[in-house]
Structure formats: C-alpha cells, structure tokens
Amino acid sequence: MACKKSELVSVINSYTEARITGDGNLIQLSANLLAGALDTLEFAPEQEPEAPEAAEAPVEEEAPAE
C-alpha cells in the first residue's frame with residue numbers, strides 16, 4: 001500500500017529529529033520507518049528522450065607521417 005504524502009513528511013521529520021538528537025536507537029527506528037515508506041512509493045515510468053539521428057560525417061584519413 002502506498003503511503004500518503006503527509007505520512008512521508010512525518011517520517012522524514014522524525015528521521016531529521018532523531019539525527020539532531022544523536023540517539024542511536026531513535027535514528028535506527030526512524031531510518032527503518034523511512035526505508036519502509038520509501039519502499040512503498042510508486043513512480044511513473046521515465047520517458048526515454050528521443051536521440052536525434054546523427055548524420056554520418058565523412059571520415060578523413062590521415063596522411064602517413066614521413
């Protein structure tokens with residue numbers, strides 16, 4: 001089930017506050033909650049940019065050095 005924006009913001013704020021306090025247990029707990037919330041996010045597929053067709057340039061051959 002996807003999380004709501006408000007839930008994601010709450011989890012991010014919790015993680016931020018835990019980092020500020022420096023409490024290892026709170027950091028670990030909030031990091032797990034954040035990871036769980038991020039795992040539920042659904043992303044739209046990326047559109048592949050259309051690559052312009054490159055015109056073939058003539059290849060110049062170098063003259064042998066004497």
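The values are calculated or read from the model by the stated rules, or taken from the named source; none is laboratory data. Since this is a predicted model, take the numbers as computed values, not measurements. Backbone-built Cβ (ideal geometry, glycine too); neighbour counts: all protein chains shown.
Tabulated values for the structure
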| item | result |
| --- | --- |
| Of all residues making up region 18-49, the number that are of a type in the set (D, E, K, R) and more than 22 Å from the chain's Cα centre (by Cα) | 1 |
| Pairs where the first residue, in region 23-47, is on the phi < 0 side of the Ramachandran plot and the second is part of a loop (DSSP other than H, G, I, E, B) and surrounded by 12 or more Cβ atoms within 10 Å (Cβ to Cβ), C-beta under 6 Å, 6+ apart | Ala37/Cys3; Thr40/Cys3 |
| Single unsatisfied condition, Glu61 versus (1) surrounded by fewer than 12 Cβ atoms within 10 Å (Cβ to Cβ); (2) at pLDDT 80 or above; (3) of a type outside the set (A, V, I, L, M, F, W, C) | (2) |
